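Read the figures in this text as sums done on the coordinates, not as results from a lab. Worth saying up front: this structure is predicted, and the values here are computed from it rather than measured. Backbone-built Cβ (ideal geometry, glycine too); neighbour counts: all protein chains shown.
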Amino acid sequence: MLGGSNKRKVSQMDTLVGHNTKIVGDIHFEGGLHVDGLIEGNVYARDSGSRLSISERGQVQGEVRVPEIMLNGMVKGDVYASDRIELGVKAKVEGNVYYNLIRMEAGAMVNGKLVHKPGGSPVLALKHEQDVRADADTDAAQDEAGSGQQAG
């Protein structure tokens, strides 16, 4: 993809954000998304086969949660790649990068932490969804503890 031999199938880019385009708000997509413009909002993939490509001119100001990411532009926010991320020579991330597999070329910059999440850990769940699930799990545990005390 960024160099060397790679036998991965190339997915098509279904959606393009052009160079002279600015989008304000979150984007939820399936398939492929290529960004040459500016997105002021979060970018989320709806399926596990989705792919995001951000060119040298592309920029995302928000959180990115996509299984496969090819970055050669800028992201100002945390990046979550459950499958793989490739950081090109001109890639710049101002935030943490959570990844399963990473390829980083000389010149790429990350101003944040690199956090390995092996085996396709479910990093695509939205933070507020994780908080809701955690609250539900806590409530269920308290209900079970409460019912166990009453039965005794």
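Here are the numbers:
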read-out: Ranked packing of 101-112, 17-28, 46-57, 64-75, most packed first, by mean Cβ within 10 Å; value: 64-75, 46-57, 101-112, 17-28
read-out: Leu114 paired with Leu101, simple spin-label distance in nm, labels 7 Å along Cα-to-beta-carbon; value: 1.6 nm
